[in-house]
1. Which order do VAL198, VAL124, VAL184 fall in if you start with the one that has the fewest other Cβ atoms within 10 Å?
2. Tell me the Rg and the Dmax, in Å, that the Cα atoms of the range 106-204 produce.
3. Taking 0.36 nm per residue of sequence separation and subtracting the Cα-Cα distance, how much length would be gained by fully extending the chain between SER139 and ARG69, in nm to one decimal?
4. Based on the Cβ-Cβ distance from GLN248 to MET166, what FRET efficiency comes out when R0 is 45 Å, to the nearest 0.05?
5. Once you keep just the Cα pairs under 8 angstrom separated by 6 or more residues, what percentage relative contact order results for the chain?
6. Can you sort LEU30, LEU7 from fewest to most other Cβ atoms within 10 Å of each residue's own Cβ?
7. Under a point spin-label approximation (7 Å from Cα along Cα-to-Cβ), what is the GLU232-CYS44 distance to one decimal in nm?
8. Arrange the following residues from fewest to most other Cβ atoms within 10 Å of their Cβ: LYS32, LYS15.
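We did not get these values from a lab; they are worked out from the coordinates using the rules stated. Remember, predicted model here, so these are calculated numbers, not experimental data. Here the Cβ is made from the backbone with ideal geometry for all residues, glycine too, and neighbour counts use every protein chain on show.
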Amino acid sequence: MSILKDLSTRSKQGKKSIAVLVDPDKINELSKLDSLLRLAAENCVDYFFVGGSLVSTTNLSAIIKYIKRHVTLPVVLFPGSALQIDPSADAILFLSLISGRNPDLLIGQHVIAAPIIKSNNLEVLPTGYMLINSGKTTSVAYISNTTPIPEDKYSLAACTAMAGEMLGLQLIYLDAGSGAEREVSSKMINSVRKSVSVPLIVGGGINSAEKATRALQAGADLIVIGNALEKEPDLLIEISDSVYEWNQSIAS
Ligand code: 1GP
């Protein structure tokens with residue numbers, strides 16, 4: 001099944017998913033991934049996301065191949081630019097940064113990327129990408145040269161997501177930015193959740209099982225965890241247990 005179909009089906013059933021984010025710049029040796037890969041295989045992780053707002057190393061392809069060699073989970077590109085396209089992944093988040101007004105990230109990079117993506121087998125996941133203010137300036141806000149949506153402007157975020165859905169985007173990703181001081185609030189997630197019916201991805205600053213659970217309760221379908229696992233890989237066990245319990249309660 002395609003990743004998009006799988007996510008939509010799970011979302012309609014109320015089932016939650018987890019993506020582990022790997023930032024290539026943080027991986028100076030592939031073996032650094034070993035404990036995370038083992039934990040992902042042993043727990044209920046659904047996807048690996050690979051990418052970053054600024055990737056300055058050339059190991060993207062090697063990392064994707066290494067992940068695919070060790071686990072059977074789909075690898076999804078989470079690119080900061082058209083430079084981060086790699087055919088060894090399974091899919092690409094085709095991100096339009098709809099919270100910002102930088103034309104290059106609304107449509108420009110996409111024009112450059114389109115023929116490259118078309119010439120290989122990557123599944124395209126058209127995604128409305130929305131940055132939410134989370135405290136101090138994040139790398140993604142700085143590099144994208146966009147202003148995140150203020151964290152208390154719930155209807156602004158809801159209308160942005162609505163417009164994205166009306167434009168045909170099939171996923172909405174609310175991101176506080178990697179390592180954010182404050183994760184996206186429950187109220188913000190909830191107001192966006194109520195405004196669209198496409199699956200909702202939430203990430204940035206989720207560094208405890210409590211925060212992960214709060215995001216799921218507020219309406220996130222897929223939570224993305226990166227930074228926190230670099231410091232504490234075992235956190236994945238706790239988060240995965242909460243997601244597992246949630247999904248079991250839906251099944252029964
Ligand atoms: C960032 O949503 C992702 O774009 C994940 O954020 O690294 O803070 O988990 P963290």
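1. Working: VAL198 21, VAL124 17, VAL184 31.
Taking fewest neighbouring Cβ atoms as first place, the list is VAL124, VAL198, VAL184.
2. Reported Rg and Dmax, both Å: 14.1, 42.
3. Additional length available on full extension: 22.2 nm.
4. Working: r = 35 Å, r/R0 = 0.78.
Efficiency, from the Cβ-Cβ distance: 0.80.
5. Details: 506 pairs, mean separation 51.2, N = 252.
That works out to 20 percent.
6. Working: LEU30 16, LEU7 24.
Listed from fewest to most nearby Cβ atoms, that is LEU30, LEU7.
7. Taking the simple label geometry, GLU232 and CYS44 are separated by 2.2 nm.
8. Fewest to most other Cβ atoms nearby, the residues stand as LYS32, LYS15.
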